[in-house]
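Readers should treat all values here as calculations from the given coordinates under stated rules, not as data from a laboratory. Every value quoted in this text rests on a predicted model; they were computed, and no experiment measured them. Glycine also receives a Cβ, built like all others from the backbone with ideal geometry; neighbour counts cover every protein chain displayed.
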Amino acid sequence: MTATASGAARTVLYVEHAGAPGGSCVSLATLLRRLDARRYRPIVLLVRPSEEMRRFYSDAGIEAVSWPGIRTLEHSTAEWSGVHSPLTWPSALASLSSWRTTQRRTLEAVSAFRPALVHLNSVVLYPSARALHLSGVPFVWHVREMPVSGHFGWRRHQQRNALTRWPKFALYLSESARHAWVGNARGWIAPEPVETHRFDPRLDRAEARRSLGIPEAARVILYVGGIARIKGILPLLEALARVRASEPRAVCLMPGGDVTPPRTLLYSAAAAVLPALGSGTLTQQVASSIERWHLESMLLRHRFAGEIERHLAASDLLVFPAVADHFARPIVEAGLMERPVVASDLPLVSELVEDWKTGLLAPPVDSATLAARILELLSDPELSARMGRAARARMIERFDAGRNADALMDLYDRVVDGRGGTGAESQ
């Protein structure tokens, strides 16, 4: 199938939950650029509109429309609201108080754009999913995150029931992600799309280092997780102190490592109170760790402005020290650049890293083992090169954007033509 009977492409409305460009946005834009314009016309709804987000999609040649008023239910590894974390209370209260508005605005978008189907780009769009389900609007639900159990498991139970009953198809990043969310219930496996042709391992390392101000003789560890707890920034800092003790030439390139969270009134109040209780905000803990281990000269921190290929070209390896399981796009990109990785041994992450073949795994929050694995690769260039070559072959086979976009369009055909339903087979 290429279009409707009239020859017009079918409209797909994508509900974008993010307020700033990140991994989910990159994945979505990559997919949309590969859609056959004769078959499907994408329109992206920006529920947290910003000039940065509008520019991101505009630069990708994708139509994006500001559509405020849709709130999310944050309950995944990326973020979740809990009684033990006062900084999450405003988000949770706003979601609950805006529940009806969210459902109304979701259906208003359907009326305004009359799509053939809706594609929800995150599991946190739970209120929108409920509105679409109750109104009988065809939709697919793209689950990009991993679940958390919460305090009592009630929210996770609700999400699991919704994912198995509401959408025409629920999309998961891998088998382990599907199983974590819905157990043995069936689900469509949709690997993240990557423009593999962008990544050329032949990029000149010396030139990349000069452009980033890195000495040629440095041993460069790349970390792209920013200041985020689930990315493992705190155990990484402790591991870096251990690495430097054995390899004084080591530096850690940290694009995005200078970004701090927005300073709301509640956040500022908590930041003032929490240190007295012995913890502090994450940003304060990071600053304290850097000072305690005298790491400032080892960290090359700057704002992330894209060009991940150049950062990878300048690096000897990528480190992905996550403390909670989630999809690791940087591991895929590192593999395409023939760079080995040291990563946390978590189910979703370990699907990307074959231990001792494409990289090395370490137990989460184990700084000593993390440091030992980093030093293993820094001290053995031949092993690193062999792992890098193996990683590239593995990533090209699984994550090619064109192939994944074709599979997604075939799934859309099934939804709009009324074939299949909840619980699609794996891709």
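Placing pseudo-labels 7 Å out from each Cα toward the beta carbon at ARG386 and THR283 gives an inter-label distance of 4.6 nm. Peptides 9-18, 45-54, ordered by how many other C-beta atoms sit within 10 Å of their residues on average, highest first, read 9-18, 45-54.
Sequence-ordered 3J(HN,Hα) estimates for the stretch 44-58 from the Karplus curve with 6.51, -1.76 and 1.60 and θ = phi - 60° stand at 9, 8, 9, 7, 10, x, 8, 4, 4, 5, 4, 5, 4, 6, 4 Hz, glycine and proline given as x. Extension gain for the segment GLU247 to GLU307, taken as residue separation times 0.36 nm less the Cα-Cα distance, is 18.9 nm to one decimal. Among the GluC sites (Glu not before Pro) found in the stretch 332-427, those both in a DSSP coil and sparsely packed, with 13 or fewer other Cβ atoms within 10 Å of their Cβ, are GLU425. About its Cα centre, the stretch 116-186 has a charge dipole of approximately 140 debye under the convention of +1 per Lys or Arg Cβ and -1 per Asp or Glu Cβ, with nothing else charged. Of the trypsin sites (Lys or Arg not before Pro) found in the stretch 335-427, those in coil by DSSP whose Cβ has at most 16 other Cβ atoms within 10 Å are LYS357, ARG419. With 10 Å bins beginning at zero, the pair-distance distribution over Cα atoms of the stretch 297-427 amounts to 12, 35, 30, 14, 7, 1 %. Proximity of backbone amide H atoms, modeled 1.01 Å from N, is registered between SER344 and PHE320, ALA322, ALA362 at under 5 Å, excluding neighbours fewer than 5 places apart on the same chain. Working note: Karplus 6.51/-1.76/1.60 with θ = phi - 60° gives the stretch 221-234 the couplings 9, 9, 10, 10, x, x, 8, 9, 4, 5, 6, x, 4, 6 Hz, where Gly and Pro are set to x. Amide H contacts of LEU171: TRP141, HIS142, VAL143, each under 5 Å away and 5 or more positions distant or on a separate chain (H built 1.01 Å from N in the peptide plane; Pro and chain starts excluded).
Pop the C-beta distance of ALA8 and SER66 into the FRET formula with R0 = 30 Å and round what comes out to the nearest 0.05.
Once the sixth-power term is evaluated, E becomes 0.75.
Expressed as a fraction of 2.2 N^0.38 Å, the rule-of-thumb size for a compact globular protein of N residues, what is the C-alpha radius of gyration of the stretch 128-245?
Working: Rg = 21.1 Å, N = 118, 2.2 N^0.38 = 13.5 Å.
Here the answer is 1.56, to two decimals.
In order along the stretch 236-247, the Karplus-derived 3J(HN,Hα) couplings, from 6.51 cos²θ - 1.76 cosθ + 1.60 at θ = phi - 60°, round to 5, 4, 5, 5, 5, 4, 5, 4, 4, 5, 9, 9 Hz, and Gly and Pro are given as x. The largest-to-smallest principal axis extents of the Cα set in the stretch 18-69 are 30, 21, 16 Å.
Computed over the alpha-carbon pairs of the stretch 196-398, the distance histogram in 5 Å steps reads 1, 8, 16, 20, 21, 16, 9, 5, 3, 1, 0 percent, short to long.
Take the Cβ atoms of SER211 and ALA20, set R0 to 25 Å, and the FRET efficiency comes out at 0.50. Placing unit charges on the Cβ atoms only, positive for Lys and Arg and negative for Asp and Glu, gives the stretch 196-398 a dipole magnitude near 340 debye about its Cα centre.
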